[in-house]
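Have a look at the structure below, then the notes.
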Amino acid sequence: MGKKKSAALIVLVTVVLLGLLFICFAPTFQAKTPYDYRSLLGSVELSTDLGGGYSTVYYPEGVISQSEYDLIESLYTAAENNGDTSGLENPADYTRHKGVYLSEDLYEDGALKESFVDSFNAAFRTLQRRFADKGYADYTVATQDDYTIFVQIPYGDETPGDLFNTFAYGGSLYLTSETITSVKGLESWTDADIKGFSVASAGDSGYAVALKFTKEGRERFKEMTASMVEAEQTTLYLYVGTNQVLSVSGISSEQDTSTLYISGSFTERADAQTAASVLDSALDEENAFSLVLQYSQVNTFEPSAGTHTALAITIAIGVLFVAVLVAALVLYKGMGLAHAYAFLTYILAFVLCISLIGGMVVDLAGVLAIVLASAVMTAFNRFAYRNIRDEFYKGKTLTAAIKSGYRRSLALTIDVHVILAAASLIVMLIATGSAHFAAAIFLAGILLSAACTLGVTRFYLYMFMAQPKNKIAFCNFRREEADEDEE
């Protein structure tokens, strides 16, 4: 590589890396636009242990909180003193059960109605499934006081109130050409008709919900749309119980398709996933519940690992990485500079992956995965450099030593990266929650490590080697006989 070409590449690469540094790590600030600037690092999705989140409690109809009971009691007492309690709930109609109050309407012969208990259990299982389908790194769906459901999720771009409200929808799945207020007389759609719902890309329109029919369901949908065309009805509605989830407009001909894509207005994948999760869970007739659920106010909570833990970890990792780069520069000089550029490229690419690829969530295990993957990249760069140094001191020229050193490093570097990538892929596919996300992060880090170790670092080394006159001194090598310059 010529000196002019090398100089131009050094300037270009440096400018690009500085620009990416700003995009990835610059602090949030108010821009002279309607929007705030937020770095890619600031947009990384964190789990509850590092980022905190939202929580709420679902109350079935007929179950009220202590505060709601106190309000009913105070209003009734005040009205009773005025001699007119008409239209008010009587606190005597409620029975205390742990931290909540249950309406007498839920009891029969002194015991809770079996239908209420069964419906509550079905609602609990359905909520567990729906929140699991969201793919959170960590979340909580648990019973509280036996007959309420406590939910805790990490922060995200999705409006929590909308999410909690949509997930409270109970009932079976209905596809109809008319708006409904009652499902009486309607025939539901089950897994015999629909294989399931998933999220699909809709190009520039954002995301869509994909509805996949079974053979029988496809024929049923074909007949349904034919009837709609005959009746000059152009809009199809998808309901869970009496709650409309989605609609499809513009149906002007008979539809004979195995997959129906419903784009709606999903600009965020999370919103499409919420709709798909609710619809998919409604296919399970066994867990379809008629219980009316109301969520309490949405509460926020601090990270379980501490309010400033994420910032402290970021600073600590930053200091560690700088120390590693300084050590490389001291030990290897010019080769250390190539490693510094390669490592910076690696870190920037890693941040881009974690912030831009859907489904990447960072928790404490994810932080460990980042550090371990970065350590692998650094270790194999040092392994290659050590082999280059060994080859040089065997008497080879610097150019030959570099080629031979990388050749000696190739087999072990590939073997270890393949093994680690395969192991992390297996864990990612079979694990859930924190282990799944940590494995996904580690897999991304290992793939980037392989690319940077085998290609990027070597490219940067040749790029810098074209500049100095004394290349041996530039690499911090010494000949016992005499210094020599190599072109």
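Taken together, the values in this text are just the output of simple stated rules run on the coordinates, not laboratory data. Everything quoted here is computed from the prediction, not taken from an experiment. Cβ atoms come from the backbone with ideal geometry, glycine included; neighbour counts cover every protein chain shown.
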Next item on the list: Pull out the extension gain between D105 and K396, defined as 0.36 nm times the separation in residues minus the alpha carbon to alpha carbon distance; nm, one decimal.
Entry: 95.7 nm
Notebook entry, point to check: Where does each of E45, E232, E178 land when they are ranked from fewest to most other beta-carbon atoms within 10 angstrom?
Noted result: E232, E178, E45
Checklist line | Gain in span if fully extended, S258 to A422, counting 0.36 nm per residue against the direct Cα distance | finding: 55.6 nm
Margin query: Can you compute the FRET efficiency between K98 and L311 using 1/(1 + (r/R0)^6), with r the Cβ-Cβ distance and R0 = 35 Å? Round to the nearest 0.05.
Written below: 0.35
Check: K113: which lysines have alpha carbons under 19 Å from its alpha carbon, excluding same-chain residues fewer than 8 sequence positions away?
Finding: K98
Next item on the list: Return one number: the angle in degrees, 0 to 90 and rounded to the nearest 10, between the long axis of the Cα atoms of helix 215-230 and the longest principal axis of the Cα atoms of the chain.
Entry: 60 degrees
Note to self: Under 8 Å for C-alpha pairs, at least 6 residues apart: give me the relative contact order for the chain, rounded to a whole percent.
What the structure shows: 19 percent
Next item on the list: Return the label of the correct value of mean projected area of the Cα convex hull in nm², as calculated from the structure shown, out of [x] 33.1; [y] 23.5; [z] 24.7.
Entry: [x]
Margin query: Going by Cα centres, segment 96-148 and segment 271-286 are how many Å apart?
Written below: 19 Å
Next item on the list: Starting from the Cα of T300, step 7 Å along the direction of its Cβ; do the same at A323; then give the gap between the two resulting points in nm.
Entry: 3.4 nm
Check: With axes computed from alpha carbons, what is the tilt in degrees of helix 398-430 against the longest principal axis of the chain, rounded to the nearest 10 within 0 to 90?
Finding: 10 degrees
Notebook entry, point to check: So for the pair N470, L412, with labels modelled 7 Å out along Cα→Cβ, what separation do we get in nm?
Noted result: 3.1 nm
Checklist line | Degrees, to the nearest 10: 433-451 long Cα axis against longest axis of the chain | finding: 30 degrees
Next item on the list: Let me have the 222 nm mean residue ellipticity of the chain computed from DSSP H runs of 4+ only, each contributing -39500 (n - 2.57), with the sum over all residues rounded to the nearest 500.
Entry: -16500 deg cm²/dmol
Item checked: Residue exposure sequence - H417, H339, H308, H97 - by fewest surrounding Cβ within 10 Å -> H308, H97, H417, H339
Check: Could you put M228, M377 in order, starting from the residue whose Cβ has the fewest other Cβ atoms within 10 Å?
Finding: M228, M377
Item checked: Contour minus Cα-Cα distance for S86 and Y462 (0.36 nm per residue) -> 126.5 nm
